[in-house]
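Engineer: Take a look at this one; I'll ask things after.
Just so it is clear, none of the values below were taken in a lab; they were calculated from the coordinates. Not measured: the values here are computed from a predicted model. Note: ideal-geometry Cβ built from the backbone for every residue, glycine included; neighbour counts use all protein chains shown.
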There are 2 protein chains.
Amino acid sequence: MEPLKDFRRLSLNQITTDRWSLRDAAEGCARAGVPWIALWRHKVADAGLSESRRIVRDAGLKVSSLCRGGMFPAATAAERRARMDDNRRAVDEAAELGTDTLVLVCGPAPDRDIAAARAMVDEGIAELAPYARERGVKLGIEPLHPMYAAERSVVNTLAQANEIAERYTPDEVGVVIDVFHVWWDPDLYRQIDRARGRILGFHVSDWIVPTPDMLMGRGMMGDGVIEIRRIREAVAANGYAGPIEVEIFNRAIWDRPGDDVLALMKERYRQHV
Amino acid sequence: MEPLKDFRRLSLNQITTDRWSLRDAAEGCARAGVPWIALWRHKVADAGLSESRRIVRDAGLKVSSLCRGGMFPAATAAERRARMDDNRRAVDEAAELGTDTLVLVCGPAPDRDIAAARAMVDEGIAELAPYARERGVKLGIEPLHPMYAAERSVVNTLAQANEIAERYTPDEVGVVIDVFHVWWDPDLYRQIDRARGRILGFHVSDWIVPTPDMLMGRGMMGDGVIEIRRIREAVAANGYAGPIEVEIFNRAIWDRPGDDVLALMKERYRQHV
């Protein structure tokens, strides 16, 4: 297995440097020679949409994705409509920011009926996809680790994400593969093959042992047990040559100076991705 | 969906009252009219094997299962052999204690190669099954939640457990279904159907939201989001009529008097199982 030769595909998912504003992150990427950035909507809102676009462009960066749309299931029809309105705004923001990928974190169930919540996800994506397509934005379904099934997303395997995505053309709906969420899956490599032509994003971090926290316990690449390079090569073998986002929720990493995090991230990217 | 009419199938998995010794737990079950108990090997070791058998018999209880065999993957052949020796002892203990089910928690990988660890699990079960069969003990493969893939077991879905079990006759190897580990699985009901005739145990607890802790965050039935009754009925529809173990790792529950826990467990069993 071969390391990546340069940083042309490296993207900072800005949650990795959560204490940085969008401007800090964009300027940090420019200093570090990281050519891509993945933006979060609340950070974009803090900076303002047009200003965010300008900051990123002035820093010479490309936007790998916008995080996030989704959160489709809700207890009432009114609330579900409100979520759809917000999803349309997310599509508009993605288009304005110049990325073709809106990452979908599909949302938890409002009650105990996980099957019904999954049906609401299906419906939400069906409604959103044509709107997104008209604006040149693809919907990237990101399956989340099963430990987030009750609180963040009822789409918990790449098989599920593939099954939904296959109802659409590849320029409408695809999948986003984050090693942290899928590494444990005994069906992983078969599902990566199945996703061929529909892979819209690839995210890296690591699974630390022992895991310090369910949400904030992700590690820097190389600090855990995930076969990151093997997964990256499987994704590449199925045609994905786009940006590779480093997305790490980890308090200890957030507490470090952003420039140090980017330096470490580049080092580990070479060694482990 | 119908509640269970009585407590004839109720079993206390003794980890639920972790502060109790085996004798405390057996006497507690007798007082509460709980007819089954699931034993843990370290508790049996504390009391002594023959004495444990006598205590359980004197309390008029039946043993639903022994926890646990497994932990097959290891870095060296010598260590794997040591694990097999321990597994044979676990089978002997199960036979001595009068249960026909040894629960297998299959173990994590010794390194990053999860596929190799899964192969070690296959080999370990293949070696153990004939030994167990000769002693009238079935091996119950319990898939563990994917969040335990790095630290406890590389068998993380019922599909995986079924696939292994199907290599054997139903009186050799089967599966143990714990709602906490499998509730999120989009393939759950199909895999329960597939497990027909091979279901060796059924464990209940709940998934609390927000989840306070990865290991110690299980809830009492009814305190979380799992559709326990729906899963119980699917298991019943596939022929399982055996004991239903309440297995809860939760510090707050451990801190309560055992008799209170058993009373609450009975109430919730009627309401939610």
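Engineer: Can you find, within the range A:37-57, the residue that is farthest from the chain's Cα centre (by Cα) among those that are outside any helix (DSSP H, G or I) and buried (at least 23 other Cβ atoms within 10 Å of the Cβ)?
Structural biologist: Taking the candidates together, the pick is A:ILE37.
Engineer: I need the full set of residues from the range B:232-249 which are within 16 Å of the chain's Cα centre (by Cα) and not in a loop (DSSP other than H, G, I, E, B), in order please.
Structural biologist: B:ARG232, B:VAL235, B:ILE244, B:GLU245, B:VAL246
Engineer: With respect to A:ARG133, determine if the residue is in contact (Cβ under 8 Å) with a residue 12 or more places away in the chain, more than 26 Å from A:LEU39 (Cβ to Cβ) and among the basic types (Lys, Arg).
Structural biologist: no
Engineer: Let me ask something else about it. Would it be correct to say that A:ALA252 is exposed (fewer than 15 other Cβ atoms within 10 Å of the Cβ) and under 21 Å from A:TRP40 (Cβ atoms)?
Structural biologist: yes
Engineer: Sticking with this one: Got a sec? Which of A:ALA234, A:ALA241 is out of contact with any His (no Cβ under 6 Å at 6 or more places or on another chain), more than 21 Å from B:MET147 (Cα to Cα) and within 14 Å of chain B (Cβ to nearest Cβ)?
Structural biologist: Of the residues listed, the single one that is out of contact with any His (no Cβ under 6 Å at 6 or more places or on another chain), more than 21 Å from B:MET147 (Cα to Cα) and within 14 Å of chain B (Cβ to nearest Cβ) is A:ALA234.
Engineer: Conditions: (1) buried (at least 18 other Cβ atoms within 10 Å of the Cβ); (2) outside any helix (DSSP H, G or I); (3) in contact with a Pro (Cβ under 8 Å, 6 or more places away or on another chain). B:ARG229 meets all but one. Number of the miss?
Structural biologist: With (1) buried (at least 18 other Cβ atoms within 10 Å of the Cβ); (2) outside any helix (DSSP H, G or I); (3) in contact with a Pro (Cβ under 8 Å, 6 or more places away or on another chain) applied to B:ARG229, the lone miss is (2).
Engineer: Looking at the range A:194-221, which of its residues are within 12 Å of another protein chain (Cβ to nearest Cβ) and at positive phi?
Structural biologist: Hits for the range A:194-221: nothing passes.
Engineer: So A:GLY60 ticks every box in (1) more than 26 Å from A:ALA47 (Cα to Cα); (2) of a type outside the set (Asp, Glu); (3) in contact (Cβ under 8 Å) with a residue 12 or more places away in the chain; (4) in a loop (DSSP other than H, G, I, E, B) but one. Which box is left unticked?
Structural biologist: Checking A:GLY60 against (1) more than 26 Å from A:ALA47 (Cα to Cα); (2) of a type outside the set (Asp, Glu); (3) in contact (Cβ under 8 Å) with a residue 12 or more places away in the chain; (4) in a loop (DSSP other than H, G, I, E, B), the one that fails is (1).
Engineer: Do we have any residue at all in the range A:149-157 that's out of contact with any Ser or Thr (no Cβ under 8 Å at 6 or more places or on another chain), touching a residue at least 24 places away in the same chain (Cβ under 8 Å) and surrounded by fewer than 22 Cβ atoms within 10 Å (Cβ to Cβ)?
Structural biologist: For the range A:149-157, residues out of contact with any Ser or Thr (no Cβ under 8 Å at 6 or more places or on another chain), touching a residue at least 24 places away in the same chain (Cβ under 8 Å) and surrounded by fewer than 22 Cβ atoms within 10 Å (Cβ to Cβ): present.
Engineer: Okay, moving on. Of (1) farther than 21 Å from B:LEU39 by Cβ; (2) free of Cβ contacts under 8 Å to residues at least 40 places away in the same chain; (3) not in a helix (DSSP H, G or I), B:ARG218 satisfies all except one. Which?
Structural biologist: Failed condition: (1).
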